[in-house]
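Have a look at the structure below before the remarks.
The values are calculated or read from the model by the stated rules, or taken from the named source; none is laboratory data. Nothing here was measured: the structure is a model prediction, and the numbers come from that model. Cβ sites come from the backbone with ideal geometry, for glycine too, and all protein chains shown count toward neighbours. Just so you know, the surface numbers come from the protein's heavy atoms only, side chains and all, with ligands and any DNA or RNA stripped out. Shrake-Rupley method; radii C 1.70, N 1.55, O 1.52, S 1.80 Å.
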Amino acid sequence: MKRIYLIGFMGCGKSTVSDYISRKYGWKQIEMDAQIVSEQKKEIAQIFAEEGETYFRNLETELLKRIASGEEECVVSCGGGTAMRSCNVEIMKRSGRIVWLKAKPETVYQRVKDTHDRPLLEGHMNVEYIEQLLEKRIPVYESAADLSVDTDGKSPEEIAQAVLCMR
Ligand code: S3P
């Protein structure tokens, strides 16, 4: 199975690593948020504000179904909440391998603190809030993942090498 799904919290490096794997190893890359933005012609924050979170989550599930029946050799950068729906995890499990990129709350904070494109963090941009949300999600990421990779202090190359062990 050559389809790899990268899951994990916002700012854990999913997009950076999938981009790296795509550029260095020639894999097709699918960045779910970017694809949703391009198909909806709206930013994620705008979709949340105008249509609501459930609408966005339904778009994620619908996109995952298409990915799962598409090209096999690809690395998919999921949204941070994609693995929170059990039906999404089922789709990923039967169509590829799931790799959880782990990052400490402080690392996440450093990576996202100057951004404004994540509605769930708007108005809560601090380590404590990130830690609370992350704690709730960790058991779900953990049970979904075939492999977990620590990313703190690691280069994209080191993380990519670990991810590609899943092939
Ligand atoms: C979300 C993560 C975001 C994006 C949306 C919701 C989440 O993706 O899908 O803002 O629920 O964790 P990134 O993990 O790529 O930031």
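Quick notes on this structure:
- Count of the range 122-152 residues which are under 11 Å from residue 102 (Cα atoms), out of contact with any Lys or Arg (no Cβ under 6 Å at 6 or more places or on another chain) and open to solvent by 30 Å² or more (accessible area, probe 1.4 Å): 3
- Matching option when the condition is hydrophobic (A, V, I, L, M, F, W, C) and closer than 25 Å to residue 24 by Cβ, among 49, 145: 145
- Boolean, residue 81 is open to solvent by less than 40 Å² (accessible area, probe 1.4 Å), of a type in the set (Gly, Ala, Ser), free of Cβ contacts under 8 Å to residues at least 60 places away in the same chain and within 25 Å of residue 166 (Cβ to Cβ): yes
- You will find that of 70, 79, the residue that is closer than 23 Å to residue 49 by Cα and of a type in the set (Gly, Ala, Ser) is 79 and no other.
- Where helices (runs of 4 or more DSSP H) fall entirely within the range 1-114, those with at least 1 residues that are of a type in the set (Lys, Arg) and either at pLDDT 95 or above or within 12 Å of the ligand (Cβ to nearest atom) (or both) are at 14-25, 53-68, 86-95, 105-112.
- Within the range 7-22, one or more residues are surrounded by 18 or more Cβ atoms within 10 Å (Cβ to Cβ), out of contact with any strand residue (DSSP E or B) (no Cβ under 7 Å at 6 or more places or on another chain) and small (Gly, Ala, Ser).
- One residue alone among 158, 131 is within 26 Å of residue 43 (Cα to Cα) and of a type in the set (Asp, Glu), and that residue is 131.
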